[in-house]
Amino acid sequence: MTNLTAVSVFLLRGFSAVPELQLLSTATLLLIYLAAILGNITIVAAVTHDARLHTPMYFFLKHLSLVDICSVSTTLPRALVATPLGSGEISLCACASQLFAFVCLGSTECFLITSMAFDRCLAIYRPLVYRAAMSPETCVSLVSAAWGSGLVFSAFHTANTFSLPFCGPNVIDHFFCDIPPLMRLACANADDHEAAGFVVSGCVIMSCFGLTVLSYVRILATVFQIHSAAGRWKAFSTCSSHLATVLLFYGTGSSAYMQPSSSYSPMQGRVAAVFYSVLTPALNPLIYSLRNKDVKGALQKLYPRGPF
C-alpha cells in the first residue's frame with residue numbers, strides 16, 4: 001500500500017489570492033510588523049528601566065509584549081520575504097514548528113490575559129491584601145504556568161494536526177501554517193481530529209474567558225459600590241486598557257478557531273489571521289500607552305524628545 005504521508009513540502013499561497021494585491025498587502029503588513037516590533041520593544045524597555053513600573057500589572061504587561069514580539073515574528077517575516085520572491089515553500093518540519101510556536105504563543109497570551117484580569121480584580125476588590133497576594137513569587141508562578149500551559153496546549157494541537165496524512169494537494173491557502181487550512185489538506189477524514197481540537201480549545205478558551213468575565217463582574221460590582229463618580233472612574237481606569245486588550249484578543253481569535261473547518265473560508269481566514277496575529281500585537285502597545293500616565297512618563301524618559 002502506498003504511503004499516504006507523501007508531502008514533504010507545502011506551498012503557502014500568501015496574503016492574497018489576487019496577485020495584484022500581493023505587493024500592496026506585503027508593503028502594508030511590513031509597516032505594521034515594524035510598528036508592532038518597535039512598540040512592544042519600547043514597552044519592554046520602559047517597564048524594565050522605570051522603577052515606578054515594577055509592579056505586578058506591568059510585569060505581566062512586559063511578558064505580554066514579549067509574547068507579541070515572538071508571535072508576530074513567527075509568522076510574518078517568512079511570508080514577507082517569500083511574497084516578493086514568489087517562493088512560498090515550507091518544509092513539513094518547518095511548518096509543524098511554525099504551527100507549534102504560533103499556537104504556543106497565542107495560548108500563552110490567553111493565559112497571561114487571564115492572569116492580568118485576576119491581578120486587576122484583586123487590586124480593586126481586595127486592595128489591602130493585594131501586595132501580599134501578588135508577591136513577586138506569585139507573579140513568576142503565574143507567568144511560568146502560562147508558558148507551561150501554552151507548551152502543553154500547543155503540543156496537543158501540533159500532534160493532533162500532523163498525525164493526519166498529507167498526500168497532496170500541498171498548497172496552504174494562507175500566509176502561514178495554521179490549523180484550519182492544514183486540516184482541509186489532509187487525505188484522511190479529519191472529523192475526529194477536528195472534534196478533539198475543538199473540544200480542547202473550547203475548554204481552554206472558555207475557561208480563560210469565563211475567569212476573565214468573573215473577574216470583571218467582581219470589578220464592576222466593587223466599582224459601583226464607590227460613592228463618588230471620580231472614585232469610580234479612577235478605579236475602573238486602572239483596568240480599561242486590559243479590557244480593551246481582552247475584547248480585541250477574544251473578538252479576533254474566536255472567529256478563527258471556534259468554528260468547524262467545514263465552514264472555513266480561506267479569505268475570511270486570512271483576514272481574521274491578520275487581525276489576531278498582526279494587528280493585535282501592533283495595537284497592544286498603543287492601548288497601554290495612550291491613556292496611561294505611568295507608561296507615558298516612562299516613555300518620556302526613554303525618548304525625551306518624543307511626542308508623549
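The values are calculated or read from the model by the stated rules, or taken from the named source; none is laboratory data. Worth saying up front: this structure is predicted, and the values here are computed from it rather than measured. We place every Cβ from the backbone using ideal geometry, glycine too, and count neighbours over all the protein chains shown. SASA here: full protein model, heavy atoms, side chains in, ligands and nucleic acids out. Shrake-Rupley method; radii C 1.70, N 1.55, O 1.52, S 1.80 Å.
Considering (1) open to solvent by less than 60 Å² (accessible area, probe 1.4 Å); (2) at pLDDT 80 or above; (3) closer than 25 Å to M57 by Cα, the lone condition that L286 does not fulfil carries the number (1). Only residues that are of a type in the set (A, V, I, L, M), in contact with a Phe, Trp or Tyr (Cβ under 9 Å, 6 or more places away or on another chain) and without any contact (Cβ under 8 Å) to a residue 60 or more places away in the chain were counted across region 101-118, and they come to 1. Out of all the residues in region 151-195, which are within 19 Å of C110 (Cβ to Cβ), open to solvent by 30 Å² or more (accessible area, probe 1.4 Å) and not aromatic (F, W, Y)? Result: L151, V152, A155.
Taking region 42-81 as the range and being in a helix (DSSP H, G or I) and either more than 23 Å from T280 (Cα to Cα) or acidic (D, E) (or both) as the test, the residues that pass are H49, A51, R52, D68. Scanning region 232-239 finds one or more residues that are open to solvent by less than 70 Å² (accessible area, probe 1.4 Å), modelled with pLDDT under 85, among the small types (G, A, S) and over 30 Å from L182 (Cβ atoms). In region 205-231, the residue that is most open to solvent (accessible area, probe 1.4 Å) out of those that are in a helix (DSSP H, G or I) and in contact with a Lys or Arg (Cβ under 8 Å, 6 or more places away or on another chain) is F224. Can you find a residue in region 256-268 that is open to solvent by less than 60 Å² (accessible area, probe 1.4 Å) and at pLDDT 80 or above? No, because not a single residue in region 256-268 is open to solvent by less than 60 Å² (accessible area, probe 1.4 Å) and at pLDDT 80 or above. Might you let me know whether region 102-116 holds any residue that is within 22 Å of R270 (Cα to Cα) and open to solvent by 20 Å² or more (accessible area, probe 1.4 Å)? Yes, some residue in region 102-116 is within 22 Å of R270 (Cα to Cα) and open to solvent by 20 Å² or more (accessible area, probe 1.4 Å). Take the residues of region 1-36 that are among the aliphatic types (A, V, I, L, M) and open to solvent by less than 30 Å² (accessible area, probe 1.4 Å): which is modelled with the highest pLDDT? Looking at residues that are among the aliphatic types (A, V, I, L, M) and open to solvent by less than 30 Å² (accessible area, probe 1.4 Å), I get A36. Looking at region 92-185, the helices (runs of 4 or more DSSP H) lying wholly inside it that each contain 2 or more residues that are among the β-branched types (V, I, T) and over 26 Å from F275 (Cβ atoms) sit at 136-162. It is to be established whether one or more residues within region 125-146 are basic (K, R) and either modelled with pLDDT of 95 or more or buried (at least 17 other Cβ atoms within 10 Å of the Cβ) (or both). No: region 125-146 contains no residue that is basic (K, R) and either modelled with pLDDT of 95 or more or buried (at least 17 other Cβ atoms within 10 Å of the Cβ) (or both).
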